[in-house]
Amino acid sequence: LPGSIFEVNASPMPGGGAVAVLHDITRIEQVERTQKDFVANVSHELRTPLTSITGYVETLLDHEESLSENARSFLSTILKNALRMNRLTEDLLVMARVESAEQALSPTPIRADTLVRDAVLSMSGLIQENEAVLEVGELTRRQVFADHDAILQVLGNLIENAIKYGQARNATHSRVIVSAREIAAPFELVEFSVRDFGQGIASEHLTRIFERFYRVDKARSRESGGTGLGLAIAHHTVQMQGGTIRAESDLNAGSNFIFTLPVAQYPIADEES
Ligand code: ADP
């Protein structure tokens with residue numbers, strides 16, 4: 001077929017020769033592309049009506065003295081759910097952008113410790129709100145080659161999860177340690193880690209949490225405003241920048257989310273380092 005792309009799986013035969021199996025992946029890719037475009041378009045189209053619903057409900061709630069108890073309670077529920085749908089459509093749009101590689105990434109050499117400090121600063125509101133204890137561990141000054149804002153989102157998402165799910169039983173607050181250390185072999189990398197001491201993740205879930213919409217405890221995730229897309233977005237964002245992401249966890253002892261980024265081959269002059 002004109003314009004087809006074939007994936008070739010060749011296997012050698014005993015006694016010589018080979019069998020080649022050709023798969024036409026053009027159609028599969030087209031179908032996937034259409035599905036992803038559809039999701040992105042729907043999410044985009046939902047934004048305007050959702051903004052309108054949220055706006056009107058907020059205005060009504062601003063005049064709560066004129067509302068009956070029932071009306072106030074129903075409107076609050078409508079608002080909560082509209083905001084949840086808002087988060088979902090936003091996450092779906094980010095996901096579609098990241099997956100289609102349309103997200104305009106502008107990687108530059110940037111110090112790993114700066115990334116961690118900026119991420120912690122951007123999460124200070126949530127840290128205070130939840131009375132979480134955030135510690136900054138080992139921090140390398142090596143420069144990685146990455147998009148500052150995209151990595152800030154990844155770190156922010158992992159910190160948010162560590163705060164949300166990282167509260168140990170009977171503890172009054174979550175404790176989170178963020179660090180970035182250099183790894184020399186086999187490749188020069190910086191390994192970022194966000195560790196918590198919370199409920200942990202059972203091994204049967206651990207392999208699946210980076211999938212879209214996968215949540216260990218749906219009710220708990222929903223209650224804390226989760227969409228199940230954060231780790232899938234983080235996974236793609238890190239991968240697009242030449243890194244990998246993984247999670248290690250012990251049930252009831254805590255989790256450690258670790259991602260790597262390549263060290264900048266041509267670091268920029270930096271007075272402080
Ligand atoms: P959500 O929006 O539900 O937080 P994520 O993609 O960020 O979605 O995470 C997927 C699921 O992985 C969460 O619903 C939760 O069950 C689990 N999870 C993520 N981070 C942690 C953590 N630090 N400790 C325990 N479970 C976690």
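The values are calculated or read from the model by the stated rules, or taken from the named source; none is laboratory data. Nothing here was measured: the structure is a model prediction, and the numbers come from that model. Note that each Cβ is placed from the backbone with ideal geometry, even for glycine, and that neighbours are counted across all protein chains shown. Note: areas computed on protein heavy atoms with side chains; ligands, DNA, RNA excluded. Shrake-Rupley method; radii C 1.70, N 1.55, O 1.52, S 1.80 Å.
Figures for the structure shown
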{"read-out": "Average Cα contact separation per residue, the chain, under 8 Å, 6 or more apart, as relative contact order %", "value": "16 percent"}
{"read-out": "Value of relative contact order over the range 140-273, rounded to a whole percent, pairs C-alpha under 8 Å and six or more apart", "value": "31 percent"}
{"read-out": "Percentage relative contact order, the range 46-121, counting C-alpha pairs under 8 Å, at least six apart", "value": "33 percent"}
{"read-out": "Placed amide H near V133: partners under 5 Å, 5+ positions off or other chain", "value": "S174, R175, V176"}
{"read-out": "Point-to-point label distance, R117-I258, nm (Cα→Cβ direction, 7 Å offset)", "value": "2.6 nm"}
{"read-out": "Most mobile of G200, G125, G230 in a GNM of the chain (Cα contacts under 10 Å)", "value": "G125"}
{"read-out": "For D270, solvent-accessible area (1.4 Å; no DNA, RNA or ligand), Å²", "value": "40 Å²"}
